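As C-alpha cells, the structure follows; a few thoughts come after it.
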Amino acid sequence: MTQKALVVTVGPTGARTASLDDLDQHLRAGWRVAQTSPMGGGGATDGFAALVVLERAGETEAEMLLESVEEELEGDGAPDEIQDPVLRQIVEDDDVESRFR
C-alpha cells in the first residue's frame, strides 16, 4: 500500500490554504486519510498545522510493479545498480523498445 505525508495548514480564522487544497485533490483522486497528528498552532489568530498520512488502497498489480521498477531505477540507471535480473536484462538490451511493441 502506498503512503505519503502532507503537512496541512489552515490560516487564521479558518482561512483556506494551498496545502488544504492539495489535501482535497488527493482525496478526490482516491487517496484516504490513514492517520493525522496535530503539529501545533496558536489558535484562531495563528491558524494551525497537522501532519496527514494518506494511503492509496487497492493498488493494482501493474501499479505495484511500476512502483518497484521506479524504485530500482532511482540511481543513474546503470545495469549494475539494478537488483532484479529481468529489469537488468531489459536495461542492458540495446533494443528495449522492441520488447513493448
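Summary of values
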{"quantity": "Members of the stretch 32-78 found to be in contact with a strand residue (DSSP E or B) (Cβ under 8 Å, 6 or more places away or on another chain), at pLDDT below 70 and on the phi > 0 side of the Ramachandran plot, listed by number", "calculated": "Gly41"}
{"quantity": "Tally of residues being in a helix (DSSP H, G or I) and of a type in the set (A, V, I, L, M) across the stretch 1-44", "calculated": "4"}
{"quantity": "Condition met for Thr9 (modelled with pLDDT of 80 or more and either in contact with a helix residue (DSSP H, G or I) (Cβ under 7 Å, 6 or more places away or on another chain) or hydroxyl-bearing (Ser, Thr, Tyr) (or both))", "calculated": "yes"}
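The values are calculated or read from the model by the stated rules, or taken from the named source; none is laboratory data. Owing to the predicted nature of the structure, the values given are computational and were not obtained by experimental measurement. Please note: Cβ atoms are built from the backbone with ideal geometry, for glycine as well, and neighbour counts cover all protein chains shown.
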